[in-house]
Every structure is written in structure tokens, then in C-alpha cells.
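One structure below.
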Amino acid sequence: MITFEGVTKRYADGTVAVDDLSIEVPTGSITVFVGPSGCGKTTSLRMINRMIDPTDGRILLDDQDIRKIDPPTLRRGIGYVIQQAGLFPHRRIVDNIATVPYLLGWEKKKARGRAMELMERVGLDPKLASRYPFQLSGGQQQRVGVARALAADPPVLLMDEPFSAVDPVVRASLQEELLRLQAELHKTIVFVTHDIDEAIKLGDTVAVLRVGGKLAQFAGPATLLAEPADGFVEGFLGKDRGIRRLSFVPAADLEVREELGVPGWTLVLDDARRPLGWRAEGNGDGELHPFGAVDLGKDSLRAALDAALLAPSGCAVAVDGDGGFAGVVTREALDRALSRASGVGARG
Ligand SMILES: Nc1ncnc2c1ncn2[C@@H]1O[C@H](COP(=O)(O)OP(=O)(O)O)[C@@H](O)[C@H]1O
Ligand SMILES: [Mg+2]
């Protein structure tokens, strides 16, 4: 756990970048610091690895005041990823990734072996190992940055807008990759972004900061969307809060009907009982219309609503993990679940 206790950073020119910040960053999950440019995100992050020292207050790492840990020792346990990856231009990719192991005095062969293993982990083709950074795309360079930060297997990872400079498609795949990695590695990650959608997608917990370095809200994404603390947070979250919140409500307790027919429509299955499409009543062997599927075991109410809206019957098709028919979710059942979701507080 990383604890900020009344942390303030006032720069020499009087700028207060972080103002009396007190939060607890839980171990083994992703905490996102989000807010507009200049709200003190980078300053907060760099105080964790002592690249910047607070003016007031203190930061504890697993209950130990980080001022009592010398910076090189502290940083050995903290990986750091920045926006432009910050790779060494004249070092091959494999050696960039092995930077910290080399510094720690690992044998070259072992360090390179570790680097190759990490390339695979972050989804990089091992053939890229002998290239130089300029020979990689922006997205690939960011993956190298993540691999390098993970090289010595630090328990803590600090990430400062690591995906901000790549295009939206690559960014989405980097986000997915980070979530996949985190599901295996369970690092304590502090992730900084100015993008609220990224914060909501990645964060187990989100700290929303406002300019002047003041904490506006510290909560899970579902709670942020359901109960923004004030007008600033609400404005920052933007439109469609209601529907975005449904992403955090499991579809699991939707009621399903096992019949294939609903008024006006019949669901057609293949031999393996996988849905093929909706057929309009009285249209014997006619056209199949699109259906939307939802896996109640893992999808959200938002996915269920989307599935219902895709189909002319207005019903979503519940499927099991293999895509097999599990039932029909009628508009009425969906409506009841939506009412329950807005009635009760969201989790997180
Ligand atoms: N070295 C510095 N000296 C003076 N002011 C600084 C310095 N670094 C950052 N600031 C100011 O502190 C505030 C917070 O900066 P920063 O932590 O970089 O914000 P963010 O990462 O959220 O954009 C900004 O007003 C910025 O101009
Ligand atoms: Mg910054």
C-alpha cells in the first residue's frame, strides 16, 4: 500500500502543484490519477519514487516513510513508464528492456533471457529484439517501455500517461494488454492520465484531481459514474454517465426465458444450438434478422442492452461460454433489471 498523508508540493516559484493530498493506494490493484493538465498528476507520481520531494506531509510505502529509504533502493522496487517510452535510442530493444537487470549486475545472458521473456509477455514479436527504438511504431515502443519497467519484477509500477501519444486503436489494445498483464501480475500500479475514459476503463480506484492539486473524489469507477462528488467531477466525467455506469452492473441476474419465440419473432438456432438470427412470424423460410448475444456469466447490463437494441425483436439472446443458446431476455426483463440497477447503489 502507498499512503499519501497530507502531501503538499509547492514549487520554488510558489506554484502549489499538490495540495494536502491524503489517499491510500491499495496493493495489487490499479489506481488512476486523473484530471486536467496541470492538476499535479505528474508531481504526485514522482513523489512516490522520490524524483520530487513533498514540501509537507509524507508518503509511506507499506507503512515505511519513503524518506527513510534511499532513492536507488526505493526505485529498484518501482518501475516507471512515461509517455514517449523514454527508450535509449542507441540501444537495441533487448538491451533497453534489460536496462535495470544490467544495473543490478545480472549476467548478460540472464538479463537478455529475461528481456526476451518480457517481450513475449507484452505482446512484442521477439524478432524486434535486435532493432533500435526508431525502427518501432509508437505502440511497440510503449510496449517496450512497459517491458523495461517490469524487467526487475518490481512490486510497484508508476505509469505517467503511457498511452497518450498513440492513436486510439493502438491505445485501446495497449489498455487491454495492460489489464491482461495485471490479471497475471497483480502489481501495485499508479497510472496517470488526463483521459477520464481511460481512467474508468483501467482503474480499480480513481483519484480525480482538479487544478491546484486538490483531490476532488477518490472512488471506484462505478461509484464515480453513479455519484460524482460535485459539479467539477460530473462535468469531467462528461455525457452518458447513466449508460456508461451500466458497464459495471453484471448481467448475471437478468431473467431469461427458454422458449425460442417472442411475440412476432422466432429465434433460429443451428444444429449446435447456437443462435443464427431472428425470423419474423409467418415468414416460413425467409430472411434471418440480426440478433445480439449476451453472456450472463461475464457481460454487463450495458452489453445486454446493446444486444437487445441490435435485434428487431427487441430481445437479447443469452448465450453460454461457448456461444450456445441459454435463453431469451425480453424487453420487460431488461427493463426490470435496469430499474433495479438504478434503484440500488452500484458496486465499487
Ligand atoms: N519544476 C516546476 N517548477 C514550477 N512549477 C512546476 C514545476 N513542475 C510542474 N509545475 C507546475 O505544477 C503544476 C502541476 O504540474 P504537473 O504535476 O506536471 O501536472 P500534470 O501532470 O497534472 O499536468 C502545474 O501548474 C505546473 O506548471
Ligand atoms: Mg503530467
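Some observations on this one:
- Residue within the range 100-111 that is assigned by TED's automatic domain parsing to the domain that holds Gln175 and within 17 Å of Met159 (Cα to Cα) present: yes
- Residue selection: Asp271 fails the criterion of being within 16 Å of Val328 (Cβ to Cβ) and of a type outside the set (A, V, I, L, M).
- Condition broken by Val16, with the remaining ones in (1) within 12 Å of ligand 1 (Cβ to nearest atom); (2) under 26 Å from His186 (Cα atoms); (3) β-branched (Val, Ile, Thr) satisfied: (2)
- Residue list for the range 15-47, restricted to those being touching a residue at least 40 places away in the same chain (Cβ under 8 Å), over 19 Å from Ser164 (Cβ atoms), within 16 Å of ligand 2 (Cβ to nearest atom) and not in a strand (DSSP E or B): Met47
- Residue that is farthest from ligand 2 (Cβ to nearest atom) [pool: residues in the range 162-172 that are in contact (Cβ under 8 Å) with a residue 40 or more places away in the chain and surrounded by fewer than 20 Cβ atoms within 10 Å (Cβ to Cβ)]: Ala165
- Among residues of the range 187-205, those that are in contact with a Pro (Cβ under 7 Å, 6 or more places away or on another chain), away from ligand 2 (no atom under 16 Å from the Cβ) and either among the charged types (D, E, K, R) or closer than 19 Å to Val81 by Cα (or both), counted: 3
- Residue check, Thr55 within 16 Å of ligand 1 (Cβ to nearest atom), more than 30 Å from Leu237 (Cα to Cα) and touching a Ser or Thr at 6+ places or on another chain (Cβ under 8 Å): yes
- Of the residues screened, Gln83 is one that is under 26 Å from the mean Cα position of the chain (by Cα) and either within 16 Å of ligand 1 (Cβ to nearest atom) or in the same structural domain as Leu202 (by TED's automatic domain parsing) (or both).
- Listed by first and then second residue, the pairs linking a residue in the range 264-291 that is on the phi < 0 side of the Ramachandran plot to a residue that is hydroxyl-bearing (Ser, Thr, Tyr), with Cβ atoms under 6 Å apart and 6 or more places separating them unless they lie on different chains, are Trp265/Ser313; Trp278/Ser313; Arg279/Thr266.
- Lone qualifier among Arg148, Arg121 - being assigned by TED's automatic domain parsing to the domain that holds Asp62, more than 24 Å from Met47 (Cα to Cα) and in contact (Cβ under 8 Å) with a residue 60 or more places away in the chain: Arg121
- Meets criteria (modelled with pLDDT under 95 and within 16 Å of ligand 1 (Cβ to nearest atom)) for Val249: no
- Restricting Arg302, Arg245 to those that are charged (D, E, K, R), assigned to a helix (DSSP H, G or I) and surrounded by fewer than 20 Cβ atoms within 10 Å (Cβ to Cβ) reduces the list to Arg302.
- Some residue of the range 2-14 being small (Gly, Ala, Ser), crowded, with 22+ Cβ neighbours inside 10 Å and not in a loop (DSSP other than H, G, I, E, B): no
- Arg114 crowded, with 19+ Cβ neighbours inside 10 Å, over 23 Å from the mean Cα position of the chain (by Cα) and of a type outside the set (Gly, Ala, Ser): yes
The values are calculated or read from the model by the stated rules, or taken from the named source; none is laboratory data. Computed from a prediction, not measured in an experiment: that's the story for all the values here. Cβ coordinates were reconstructed from backbone atoms using ideal geometry, including for glycine residues, and neighbour counts include every protein chain displayed.
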